[in-house]
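Peer 1: Before I ask anything, here is the structure I am working with.
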Ligand code: UDP
């Protein structure tokens, strides 16, 4: 299995050794502009040599690729990983307190279960720009994303400040990795700088309710447990991306029965059915519509709960690992049989 454009040049070299190759593309673009077409043209001859190709959506299949070799497999989440495992409400709260994201003394252990089955407490703390964490009972709107302009952190912050903050006492948390930790994301530091500037420019009164959180990356399973706790404690989860291949954060929040407000872009559209299992924003740059959708859910807890319930069922039916496992078995069996016949 080779993943993403970076590995395309390996395909002929691996096949030469008699090993069937599945090439899995995790990314895609909503519109094929000149740069997308030029990149596909540069790589497509390598990609076409694979025995099978996997894309996340029909719309993402490259030009020049034989559709008979393509299987569509949607990304899925692991329900048992530290990111998605069940957490008691008290444990989720304790994790946020241990990580310095909520004030107050933890009433229970901030514990999560590692993939190897052992249990560990969260010990590393997040850095919160401006210093203030959430109070013990503050409700909050959450976006979890890398510091990437396509995740629109400035729009998330300004839209909340200008179109929601005056009509709610809820806070906003934008949580991303401590940037120095993501070595293959060189633009992260610049985007974080811009987000900090946007925070500094907020009027006081609103600024205290907007938290830019840099989550510790010392231990990736601990980082995942903190994301898990944030998603479980959020009143509304936002994914206001300008573009999105799939949007794992959306499936993660839906699995936790959270009401999600997200842009109608890329793979997010496959996950949320508007008005049933979440809210889709037709124009990702319309800050007023984003503020209105968030307020609508903050003010109508019954609607928020109903969307969250439907969201969890939708992930159970379509976006858990068991689903993609079955697809991969179907894909791999004939390839292995062909190899055995050689
Ligand atoms: N994530 C994380 N810690 C962070 C920020 C993000 O674990 O501090 C995770 C998030 O929970 C999700 C993944 O990174 O599992 C991001 O995947 P997504 O498809 O949403 O966006 P991408 O970053 O791949 O564009």
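Peer 1: So residue 64 fits all but one of (1) in contact (Cβ under 8 Å) with a residue 24 or more places away in the chain; (2) crowded, with 16+ Cβ neighbours inside 10 Å; what number is the exception?
Peer 2: Looking at each condition in turn, residue 64 falls short on (2).
Peer 1: Another one. Does residue 73 count as more than 21 Å from residue 223 (Cβ to Cβ), touching a residue at least 24 places away in the same chain (Cβ under 8 Å) and under 21 Å from the mean Cα position of the chain (by Cα)?
Peer 2: Answer is yes for this residue.
Peer 1: Under the condition of being under 17 Å from residue 146 (Cα atoms), more than 9 Å from the ligand (Cβ to nearest atom) and surrounded by fewer than 19 Cβ atoms within 10 Å (Cβ to Cβ), which residue from the range 199-230 is modelled with the lowest pLDDT?
Peer 2: My answer is 218.
Peer 1: Same structure again: Among (1) in a helix (DSSP H, G or I); (2) in contact with a helix residue (DSSP H, G or I) (Cβ under 9 Å, 6 or more places away or on another chain); (3) buried (at least 17 other Cβ atoms within 10 Å of the Cβ), where does residue 147 come up short?
Peer 2: (1)
Peer 1: Could you tell me whether any residue of the range 50-67 is within 22 Å of residue 259 (Cβ to Cβ), modelled with pLDDT of 95 or more and either in contact with a helix residue (DSSP H, G or I) (Cβ under 7 Å, 6 or more places away or on another chain) or away from the ligand (no atom under 13 Å from the Cβ) (or both)?
Peer 2: No, the range 50-67 contains no residue that is within 22 Å of residue 259 (Cβ to Cβ), modelled with pLDDT of 95 or more and either in contact with a helix residue (DSSP H, G or I) (Cβ under 7 Å, 6 or more places away or on another chain) or away from the ligand (no atom under 13 Å from the Cβ) (or both).
Peer 1: Moving on to the next point. Would you mind stating whether residue 247 is within 9 Å of the ligand (Cβ to nearest atom), at positive phi and under 17 Å from the mean Cα position of the chain (by Cα)?
Peer 2: Here the answer is yes, as residue 247 does meet what is asked.
Peer 1: Out of curiosity, is residue 276 away from the ligand (no atom under 12 Å from the Cβ), more than 19 Å from residue 141 (Cα to Cα) and in a helix (DSSP H, G or I)?
Peer 2: Criteria not met by residue 276.
Peer 1: Looking only at the range 231-243, filter to residues that are in contact with a strand residue (DSSP E or B) (Cβ under 9 Å, 6 or more places away or on another chain) and farther than 19 Å from residue 150 by Cβ; which one of those is farthest from the ligand (Cβ to nearest atom)?
Peer 2: Checking each candidate, the answer is 235.
Peer 1: Given 302, 310, 306, which one is more than 26 Å from residue 154 (Cα to Cα), surrounded by fewer than 20 Cβ atoms within 10 Å (Cβ to Cβ) and either touching a strand residue (DSSP E or B) at 6+ places or on another chain (Cβ under 8 Å) or touching a residue at least 24 places away in the same chain (Cβ under 8 Å) (or both)?
Peer 2: 310
Peer 1: Look through 144, 179 and report the one residue that is closer than 13 Å to residue 213 by Cβ, within 11 Å of the ligand (Cβ to nearest atom) and modelled with pLDDT of 95 or more.
Peer 2: 144
Peer 1: Still on this model: Residue under question is residue 20, and the condition is that it be in contact with a helix residue (DSSP H, G or I) (Cβ under 7 Å, 6 or more places away or on another chain), part of a loop (DSSP other than H, G, I, E, B) and either within 26 Å of residue 126 (Cβ to Cβ) or within 16 Å of the ligand (Cβ to nearest atom) (or both); does it hold?
Peer 2: So residue 20 fails the test.
Peer 1: Picking from 55, 80, which residue would you name as being surrounded by fewer than 15 Cβ atoms within 10 Å (Cβ to Cβ) and within 20 Å of the chain's Cα centre (by Cα)?
Peer 2: After applying the criteria, what remains is 80.
Peer 1: Okay, next question. Exactly one condition in (1) touching a residue at least 12 places away in the same chain (Cβ under 8 Å); (2) within 13 Å of the ligand (Cβ to nearest atom) is false for residue 163; which is it?
Peer 2: (2)
Peer 1: Quick one: residue 28 ticks every box in (1) surrounded by fewer than 18 Cβ atoms within 10 Å (Cβ to Cβ); (2) modelled with pLDDT under 95; (3) not in a helix (DSSP H, G or I) bar one, so which box is it?
Peer 2: Of (1) surrounded by fewer than 18 Cβ atoms within 10 Å (Cβ to Cβ); (2) modelled with pLDDT under 95; (3) not in a helix (DSSP H, G or I), only one is false for residue 28: (1).
The values are calculated or read from the model by the stated rules, or taken from the named source; none is laboratory data. All values reported here derive from a predicted model rather than from experimental measurement. Every residue, glycine as well, gets a Cβ built from its backbone with ideal geometry; the counts of neighbours run over all protein chains shown.
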